[in-house]
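Remarks on the structure that follows.
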Amino acid sequence: MVAQWWRNAVIYQIYPRSFADGNGDGVGDLAGVRSRLPYLRDLGVDAVWFTPWYASPQADGGYDVADYRAIDPAFGTLAEAEALIGEAAALGIRTIVDVVPNHVSDEHPWFRAALAAGPGAPERARFWFRDGSPAGEPPTGWTSAFSGGTWTRVEDGQWYLHLFDTRQPDLNWNHPDVRREHEEVLRFWFDRGVAGIRIDSATMPVKDPAFPEVGESADHPFLDRDELHDIYRGWRAVADSYADGRVLVGEIWLDDPHRFARYLRSDELHSAFNFDFMMRPWEAKQLREAIQSTLDSHAPVGAPPTWVLSNHDVTRPATRYGRVDSSFGFNAKRFDTPTDLARGERRARAAALLTAALPGTLYVYQGDELGLPEVEDLPLDALRDPMHFRSGGVDPGRDGCRVPVPWTRDGVSYGFGDGAPWLPQPTRWGSLSVAAQDADPASMLTLYRSALAMRRSLLRGEEFAWLASAEDVIAFARGDVLCVVNFGAEPVPLPGHREVLLTSAGLDGDRLPTDVAAWLRV
């Protein structure tokens, strides 16, 4: 039987542009990652997930792929990627890479050929080219995930669909070339030792070819369409064809837990991101509901739940949890949102222990283990994210959680590289660096290392049981290990007859202070 390593794994997300710069040009790269693999081993991760490292014009941080079989020159070469995969494996770290099935770059050879071929040509059938209305309007009034419209007109008068940026034309998954190409891409990377694939925007690739407006029919025209499941069954067959098994992880933004679970049936995806938990505010009732609904939705299909506090798209927890409204929503992001960073960091520490104690797969976004806050005062001329520009400048975008990681207390980029970084780092970065936290027993980094080590040794099973607690407290047991988190305004007594294993902050005698988590053994 293939070992299901992903069911209890700790997976570390790397945004290559911002992790470590090996050649000093200001942009993170594979050489930088390779130099920091021992750090990841010592942190205690089982796998690393890379956001797209492929050849790309970088219109959307690499999610506009021009060639899946080449590494973007800013990051390195295919030979370096193969070396990285092998070196990580030698340290016990598996590699997961991103695939973006909804769209490609406008510089992809297929799209260039489609533009050159003209209306009605077979090259255009791999995409969604359509005529507009007699009045010159686009085929639909759909709204882009990045704000604005979803159609762009080309010189010959036709329009092409892009649910994201204009430079990311959507693929037509009814076309056999599209299916065949993506299955070949999976094999290309599995053959090079990649252990898994993370599927970007996994609910969006299939479109209703009749192009109704949203709400005109019972089924959504481009979200969570039933035809997707046949596609992922094909991908699962590819993954299962490898003797050691490969894992498929879906980015699935769905409110309906039953629709969500359909993607996790035994012949489809192995796991999917749990965004409900991540988006909830720092409130016991809300997070308790998210935990229970997550466990309930995964249990019928036997899939492992996943837990994550942030990623390359989401406001960092050290900032988000310091706000009056500590929930997350893309539509709610604005400049100059008041934040209590001290409170946010305290809660982020407690959240780290809460998520690490839950059964299933844990994802950690680079820099969260350092307690990095969102950088919200980036110069406007430094911003790169199309979300910012397509919103007319209202949305600050996602660059604030993508600022390069600090490794040392000082230097031109705090050890990120030898040159100035592609996004400016705050002066506070030195005090939050790996070097500043490495030997500090009270640091966020030490807390993460301790929690991940204990998780590996004490929390290997999938057992879980709620414990009776006050309304503002979350408490549960994983075997003989208890996790207790106090969300209330006053300290609460800890259970008696127990050993304190780890706390996110100091205790008040035998009481657990506000916004503090504790792991106990009875």
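The values are calculated or read from the model by the stated rules, or taken from the named source; none is laboratory data. Quantities reported herein were computed from a predicted structural model and do not represent experimental measurements. Quick reminder, even Gly has a Cβ in these numbers, built from the backbone with ideal geometry, and neighbours come from all protein chains shown. Areas reflect the complete protein model, heavy atoms only, side chains present, ligands, DNA and RNA absent. Shrake-Rupley method; radii C 1.70, N 1.55, O 1.52, S 1.80 Å.
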Qualifying residue in the range 293-306 (condition: small (Gly, Ala, Ser), surrounded by 15 or more Cβ atoms within 10 Å (Cβ to Cβ), under 17 Å from ALA356 (Cα atoms) and touching a residue at least 12 places away in the same chain (Cβ under 8 Å))
no
From the options ARG455, ARG402, ARG390, residue that is crowded, with 18+ Cβ neighbours inside 10 Å, closer than 28 Å to GLY360 by Cα and touching a Ser or Thr at 6+ places or on another chain (Cβ under 6 Å):
ARG402
Being out of contact with any Cys (no Cβ under 9 Å at 6 or more places or on another chain), over 27 Å from GLU227 (Cα atoms) and not acidic (Asp, Glu) is true for just one of ALA125, ALA145, ALA135, ALA114. Which residue is that?
ALA135
Somewhere in the range 459-469, is a residue in contact (Cβ under 8 Å) with a residue 60 or more places away in the chain, touching a helix residue (DSSP H, G or I) at 6+ places or on another chain (Cβ under 6 Å) and open to solvent by less than 60 Å² (accessible area, probe 1.4 Å)?
no
If GLN286 passes every condition in (1) over 18 Å from the mean Cα position of the chain (by Cα); (2) over 14 Å from ALA351 (Cβ atoms); (3) part of a helix (DSSP H, G or I) but one, which one does it miss?
(2)
Taking the criterion of being over 25 Å from SER144 (Cβ atoms), in contact (Cβ under 8 Å) with a residue 40 or more places away in the chain and open to solvent by less than 20 Å² (accessible area, probe 1.4 Å), would at least one residue in the range 337-344 satisfy it?
no
Neighbours by Cβ (under 9 Å, 6+ apart or cross-chain): first from the range 7-26, under 30 Å from SER457 (Cβ atoms); second among the polar types (S, T, N, Q) and assigned to a helix (DSSP H, G or I)
ALA20/SER35
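Just for the range 96-116: of the residues that are in contact with a strand residue (DSSP E or B) (Cβ under 7 Å, 6 or more places away or on another chain) and surrounded by fewer than 22 Cβ atoms within 10 Å (Cβ to Cβ), which one is farthest from LEU37 (Cα to Cα)?
Residue satisfying both the conditions and the ranking: VAL99.
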With the condition kept exactly as written, say whether any residue in the range 214-227 is in contact (Cβ under 8 Å) with a residue 60 or more places away in the chain and surrounded by 18 or more Cβ atoms within 10 Å (Cβ to Cβ).
yes
Report every pair of residues separated by at least 6 positions or lying on different chains whose Cβ atoms are under 7 Å apart, first residue within the range 53-74 and open to solvent by 30 Å² or more (accessible area, probe 1.4 Å), second among the hydroxyl-bearing types (Ser, Thr, Tyr) and assigned to a loop (DSSP other than H, G, I, E, B).
PRO57/SER105
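Name the helices (runs of 4 or more DSSP H) wholly within the range 16-124 that hold at least 1 residues that are aromatic (Phe, Trp, Tyr)?
Counting at least 1 such residues, we get 37-43, 109-117.
Matching residues to (1) in contact (Cβ under 8 Å) with a residue 40 or more places away in the chain; (2) acidic (Asp, Glu); (3) touching a strand residue (DSSP E or B) at 6+ places or on another chain (Cβ under 6 Å); (4) open to solvent by less than 60 Å² (accessible area, probe 1.4 Å):
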residue	(1), (2), (3), (4)
ASP255	no, yes, no, no
PHE260	no, no, no, yes
ASP267	no, yes, no, no
PHE275	no, no, no, yes
TRP282	yes, no, no, yes
LEU287	yes, no, no, yes
ASP313	yes, yes, no, yes
For the range 173-282, list the helices (runs of 4 or more DSSP H) that sit wholly inside it and hold at least 1 residues that are under 18 Å from the mean Cα position of the chain (by Cα); which are they?
257-262, 275-279
Give the residue that is farthest from TRP282 (Cα to Cα), with candidates limited to residues of the range 506-522 that are in contact (Cβ under 8 Å) with a residue 24 or more places away in the chain and either open to solvent by 30 Å² or more (accessible area, probe 1.4 Å) or among the charged types (D, E, K, R) (or both).
VAL522
If you check every pair at least six apart or on different chains, which have Cβ atoms under 6 Å apart with a residue in the range 102-113 that is closer than 7 Å to ASP64 by Cβ first and a residue that is among the hydrophobic types (A, V, I, L, M, F, W, C) and open to solvent by 10 Å² or more (accessible area, probe 1.4 Å) second?
SER105/ALA66
Test: ASP440 is without any contact (Cβ under 8 Å) to a residue 12 or more places away in the chain, among the acidic types (Asp, Glu) and within 27 Å of LEU372 (Cβ to Cβ)
yes
Residues of the range 279-295 satisfying the condition of being farther than 15 Å from GLY360 by Cα and among the aliphatic types (A, V, I, L, M)
MET279, ALA284, LEU287
State all residues of the range 16-35 that are open to solvent by 10 Å² or more (accessible area, probe 1.4 Å) and more than 19 Å from GLY193 (Cβ to Cβ); if no residue qualifies, say none.
ARG17, ASP21, GLY22, ASN23, GLY24, ASP25, VAL27, SER35
